Structure formats: structure tokens, C-alpha cells
Amino acid sequence: MTKMKRRTFVGLAAATTTALSMPSIAFGALPRVVVIGGGAGGATAAKYIAKDSKGAIDVTLVEASKRYYTCFFSNLYLGDFRAYGSIGHNYYGLAVNHGVNMVHEWALSVNNAAKKVNLGSGESISYDKLVISPGIDLKFESVNGYSAEAQSKMPHAWKSGTQVQLLKNQVKGMKKGGTFVMVPPPNPYRCPPGPYERVSMIAHQFKKSNPTAKIVILDPKNKFSKQGLFMEGWQKHYPGMIEWISAETHGGIKKINAATMEFETDLDTFKADAASVVPAQRAGRIAMNAGVNNGDWCPIVPASMQAQADENIYVLGDASIAKSMPKSGFSANSQAKVAANHIRGSLTGSKVFTPRFANTCWSLVATNDGIKVGANYKATDEKIDKTSGFISKTGEDSNLRKATYEESIGWYSGITSDMFS
Amino acid sequence: MKSKFILLSIVVCFFLMNKSYADQKQLVGADADYGEHLFGECVTCHNSTGLGQGIPKITGMKTSQFITKILAYKTKEKENAVMQMVAERLGEEEINSLALYLSKLK
Ligand SMILES: Cc1cc2nc3c(=O)[nH]c(=O)nc-3n(C[C@H](O)[C@H](O)[C@H](O)COP(=O)(O)OP(=O)(O)OC[C@H]3O[C@@H](n4cnc5c(N)ncnc54)[C@H](O)[C@@H]3O)c2cc1C
């Protein structure tokens, strides 16, 4: 029985291991990996390549900032559930614990043929394998009237940094009984439930200090992530405060004016006392520069996260087309581990395991009311295919919602320590 | 074909229900390297530095206890959407490899 069980099981769920051929490496020199971008994808990739290769690969992380403020939980900061300092992280752990070389500079361009990254300082670093995880750039022009200047009056707060503090000040300073307008981005964008969690946290702020305030969401879409769950939560916790207007209903945002704070649609012109506008997005510029994009995003080989355009470059996280995975920090972290394993295999001949991807996104609707959605994925030839998943249900009891919120706190501490320590 | 299916069902039932499985000394198909690799999936949620805030700590657990707990999620005996999803795609080889790797962690 035992024998048979073993055979059947191995046959059913075999973990395939492939040994990749080792490239010829100059005697004495360690193979070099350069990672551009120290966020959810890049920090994780740098750490895992350095940690698992135990000194056999030289890893350099090029990251513009010395401190990384996570976009994840920035909404909780808006709702006063987190202090700003608690969402900031440094890179000492990567350097000290894993020997990652930190270079705090902008990567300006990539020379694919010479396998070099050119830095802002004028210096360049050569690589055997390059990982690009630059996150997103914003397409300001996608919303008529929005611009780099308008972002201080109508913060997008969709990249880490000071924008989110600015937004919070504007929310807190909004006149009593005023109107806040939220413009979410069109698909695809980073963090599908993010704009709706943001609205929830702003409503939570208003409920405490400005209870007659209103929130109008002018959506360029006709449906959104976890819609039923958010709508139920808004009705329950913030009755009458939030109005979601779909593209079908308002007919499109024709023009916005940051000076007068007006939003012109077919339906009406909306006047805001404070606002957040999140425009359409594309892969961070360096990905375009390296020529690994096709339009706004970068096509990848699902099994390894290698760019389809250059086998020596891996693209992770938001910048990649990792259909059907959403653009999230969890996804980027999961993709980074697949790429790290593949890179190590190709540079040192270590075992390459069957790729396994996963994602879970928690959102906070109100105090102790957390919801979640998650899925497992596997690589096929065409895409990263969903194999199973779950989503919170409407009408769940409050103990489960509280436990879900507590899980999200555990996840935040888990993923940030996974990235940075 | 049919007999093969019945055999498979018996095998699966045996795997899921045999309590002594958890105490088996021999971790069938276990590979510590594979376990370490798989553990990367867990530490996105289970803080690797051992903090157990919001999500329980899983390092330092006895092998048999670990296997019993994973199987409870896999059989959906224990409720938790994320852990049921995690356990769902762990086969015998994965569970045993994780168990072996975890037993070697201090
Ligand atoms: C409001 C909000 C809430 C969110 N909530 C969640 C959540 O709850 N869960 C979740 O999983 N995800 C969440 N996300 C999404 C998550 O933040 C992103 O998906 C994730 O950060 C993507 O990782 P990345 O590595 O692709 O990019 P990033 O994390 O943005 O990292 C990119 C890094 O690259 C650096 N960089 C870029 N270009 C260069 C260059 N040329 N040279 C040097 N450095 C460069 C940047 O400074 C940055 O540090 C949220 C996002 C937002 C906006």
C-alpha cells in the first residue's frame, strides 16, 4: 500500500526539476546580477538571489531612494490606522544580511548588446543577468486637464512618497460638508481594489471629523474589484456619504480643471473641495529604455519572467504583463522568487523548480472590517494562469472580518521583512 | 480505467485520513532544497523573523504537528480561505519537503 501510494502520488504531483546548462564564466570572476528598482519585485529578487547563492553571485541593487515607502498600507495611513513612519523601510538588511551591493542612483539607460546599465552618475555597471522592476509611470495626459503641476492640487498618491501625505492633509483640511472627488484609473493599473480602499479610508476620516462631507467617485470603468463587498461596506459604515458613478452613467470625464477644481462630464460638472486623480499607467521608463516593452507594458515568458524581447533581462511586478495576475506587491514578490530561482539556475547550475505563483490582496473597509481576494497561478506557454481562488463574501460575520484585517497586518509585517531583512 | 480510478480514490483517502501518516518517520519524497524553495511562498505572510502578529509563527513546530495542521486545511476541516488555498496545491512531496526543511531550521 505504502509503495503504491508513493508511486501514484509522485505521478500525480511531480515537482519537475530542470537543470539548466551553465554558461562559461571567466575564471575567478563571479557572475553578476544587476537589479533595477528596490520595490516589491526588485528588493525580493535581490535578496533571494544573494541569499540562496550564498556568495556565488554578485548582486547589485540600483534604487533611486534610500527609503522605500510602501504603497501598500498607504491607504491605512490615510485612515489613521498606520503612522507614516511605519510604512517606510531601508535597505541595510539587504546589504548587511545578504551582501547585496546597494547603489542609490537612477538607472538611466541599458545597453543590451554590451550588457551594461548606465547610471545617473555617468558610471556604468555590467551584468550577466538584469532584473527590471521599476513599477509604474503615470500617463498624466490620459485625463484631459491633469498634469504634473495639477498633481499637487489633486494628488494621485499612486507612487510611494510624499504625495500621500499631501493628500491626507487635503482630506483633513477639507471644508465641513464639502465634496471630495475621486477619479480611479482605467484598467490595467497597480492594485485593482486600491482606489476603493482609498475611498473607504477617506470616508472613515470624514465620519470622525467631517460627517456631512460627500465623496463622489467618477469612474472611467463600469465595474471594479470587490465591488459588491465595497458597496455593501459603504452602505453599512458610511450610509449616504459615497456616490459611485460609472462611465456609462457620466458618459466620460471630458475635462478637469485643477484651478477651479471642476470635473466636466456628459452628465454634469462636478465641483470638488478636495480630490484625488489617478491617471492611466505604464511600465516605468527604464523598461522602455531597455526595449523590453510592447506598448505600455512588458511581455514576459510566464515560466521564468524573462522579457520576451531579451533573454538576459527579467521584468517583474507592475511593469510586466503577467496576465492573469493582478499588479500587486504580493504578485511582484511571488514573481521575484520565480525569477530568482531561474537566474540562479542559469548562472550556477542550481536546481530550477516548477514555477508557482500566488497573490492575495486585503482591503480595509472600516475599523475591523477587512476583506480579501486571492488566487494560485501556474505558468502555461501563453500566460500565468489562475488555477484556483477565493474572495470574501458579502454578509460575513464581524469576527471573520476582524480576523481578515488582522491577517493583513501579519501579511504586511511578513512581506516587508521578506523584502528588507 | 475504472479500477484505476477506484484504486486512486483509495489511495487518496488513505493519504487524507490515515492519522499515522503524520507520525511517519520517513518523509516520503522529501527534499530539503525543495522545502527551502517552497518556504519562500510561506514567508510572504508568515514573518520569517518569527514575529507572529496577525498570522501565526510556523517555525519551530514539530514535524508531525506541522503535517497535521497542513492536512487540516487541505481537507478543509479547518476554515481559513488563504491557508486552504495554500494547502490545496501542496502534494505529499511538497508537504514532506517543507516539513524536512522546517525541522532543520532553528
Ligand atoms: C494606494 C495603493 C495601495 C496598494 N495596496 C496594495 C496591497 O494592499 N497589497 C498589494 O499587494 N499591493 C498593493 N499595492 C500595489 C503595490 O504597491 C505595487 O503593485 C508594487 O509596489 C509593485 O512592485 P514593483 O516592484 O513593480 O514596483 P515598486 O514597488 O513601485 O518599486 C519600484 C522601485 O523602483 C525604483 N525605480 C524606478 N525606476 C528606477 C530607475 N530608473 N533607477 C533606479 N530606481 C528606479 C523606484 O524608486 C521604486 O522604489 C498598492 C498600491 C497603491 C498605489
Query - Rounded to 5, percent antiparallel among DSSP beta bridges of the protein assembly as shown - result: 60 percent
Query raised in the report: What is the average number of partner chain Cβ atoms found within 10 Å of a Cβ in B:92-105?
Result: 1
**Report entry** GluC sites (Glu not before Pro) restricted to DSSP loop in segment A:244-288 with at most 10 other C-beta within 10 Å
**Finding:** none
**Report entry** Sequence of A:W106, A:W234 from largest to smallest accessible area, 1.4 Å probe
**Finding:** A:W106, A:W234
Query raised in the report: Do the sum for the protein assembly as shown: with -39,500 (n - 2.57) for every DSSP H run of n ≥ 4, divided by all residues, what is the mean residue ellipticity at 222 nm, to the nearest 500 deg cm²/dmol?
Result: -11000 deg cm²/dmol
Report summary line: Taking protein heavy atoms only, a 1.4 Å probe, and rounding to whole percent, the accessible area of segment A:146-279 owed to carbon and sulfur comes out at 52 percent
Requested in this report: May I ask you to list the lysines whose Cα is less than 21 Å away from that of A:K254, ignoring any residue fewer than eight positions away on the same chain?
Outcome: A:K139, A:K153, A:K221, A:K223, A:K271
Report summary line: With the full set of protein chains present, the residues of segment A:348-365 whose 1.4 Å probe accessible area falls by 50 Å² or more relative to the chain alone are A:F353, A:R356
Query raised in the report: Which of the lysines could a cross-linker bridge to A:K116, judged by Cα under 25 Å and excluding same-chain residues fewer than eight apart?
Result: A:K47, A:K51, A:K54, A:K66, A:K129, A:K337
Query raised in the report: Which translational diffusion coefficient, to the nearest whole µm²/s, is obtained for segment A:146-279 from the Stokes-Einstein equation, given a Kirkwood hydrodynamic radius over C-alpha pairs, 37 °C and 0.692 mPa s?
Result: 221 µm²/s
Query raised in the report: Is segment A:307-403 rounded, prolate or oblate when judged by the Cα gyration tensor, a ≥ b ≥ c being the square roots of its eigenvalues, rounded requiring a/c under 1.5 and prolate requiring a/b larger than b/c?
Result: prolate
Query raised in the report: To the nearest Å, what is the center-to-center distance of segment A:275-328 and segment B:69-83, using C-alpha atoms only?
Result: 35 Å
Query raised in the report: By the gyration tensor of its Cα atoms, with a ≥ b ≥ c the square roots of the eigenvalues, what is the shape of segment A:73-185: rounded for a/c under 1.5, prolate for a/b over b/c, or oblate?
Result: oblate
Requested in this report: With +1 on each Lys and Arg Cβ and -1 on each Asp and Glu Cβ, and nothing else charged, work out how big the dipole of chain A is about its Cα centre, in Debye to the nearest 20.
Outcome: 1040 debye
Report task. For segment A:146-279, report the accessible area per residue in Å² (1.4 Å probe, heavy atoms, rounded to an integer). Result -> 40 Å²
Query raised in the report: Mind checking the angle between helix A:194-209 and chain A's longest principal axis? C-alpha axes, 0 to 90 degrees, to the nearest 10.
Result: 40 degrees
Query raised in the report: Can you give the accessible area buried between chains A and B, summed over both chains, with a 1.4 Å probe, in Å² to the nearest 100?
Result: 3400 Å²
Requested in this report: Using +1 at the Cβ of each Lys and Arg and -1 at the Cβ of each Asp and Glu in the protein assembly as shown, identify which of A:G389, A:Y92, A:A403 lies farthest towards the dipole's positive end.
Outcome: A:A403
Query raised in the report: Largest first, how would A:I242, A:I36, A:I391 line up by accessible area (1.4 Å probe)?
Result: A:I391, A:I242, A:I36
Query raised in the report: Counting only heavy atoms of protein chains, what accessible area per residue, in Å², does segment A:39-79 have with a probe of 1.4 Å?
Result: 27 Å²
Query raised in the report: Placing +1 at every Lys and Arg Cβ and -1 at every Asp and Glu Cβ, with all other atoms neutral, what dipole size does segment A:320-382 have around its Cα centre, in debye to the nearest 20?
Result: 200 debye
Query - Accessible area of segment A:281-421 belonging to carbon and sulfur atoms, whole % at 1.4 Å probe - result: 48 percent
Query raised in the report: How far is helix A:2-12 tilted off the main Cα axis of chain A, in degrees rounded to 10, range 0 to 90?
Result: 70 degrees
Query raised in the report: Which one of A:P302, A:I321, A:G284 has its Cα pushed farthest toward the positive end of the charge dipole of segment A:264-358, where Lys and Arg give +1 and Asp and Glu give -1 at the Cβ?
Result: A:P302
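Would the protein assembly as shown count as rounded, prolate or oblate if I go by the C-alpha gyration tensor, calling it rounded below 1.5 in a/c and otherwise prolate when a/b exceeds b/c, oblate otherwise?
It comes out oblate by the Cα gyration axes.
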Report summary line: Packing-ranked peptide list from A:367-377, A:193-203, B:55-65, highest mean Cβ count within 10 angstrom first, is A:193-203, A:367-377, B:55-65
Requested in this report: Place a +1 charge on the Cβ of each Lys and Arg in segment B:29-104 and a -1 charge on the Cβ of each Asp and Glu, then give the dipole magnitude about the Cα centre in debye, rounded to the nearest 20.
Outcome: 360 debye
Report summary line: Farthest towards the positive end of the dipole of the protein assembly as shown, among A:A50, A:N169, A:A259 and with Cβ unit charges of +1 on Lys and Arg and -1 on Asp and Glu, lies the Cα of A:A50
**Report entry** 0 to 90° range, to nearest 10: angle between helix A:398-420 axis and chain A longest Cα axis
**Finding:** 40 degrees
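The values are calculated or read from the model by the stated rules, or taken from the named source; none is laboratory data. Since the structure is predicted, the reported quantities are computational estimates derived from the model, not experimental observations. Reconstructed Cβ throughout: ideal geometry from the backbone, glycine too, with neighbour counts over all protein chains shown. Side chains included, ligands, DNA and RNA excluded: accessible areas come from the protein's heavy atoms. Shrake-Rupley method; radii C 1.70, N 1.55, O 1.52, S 1.80 Å.
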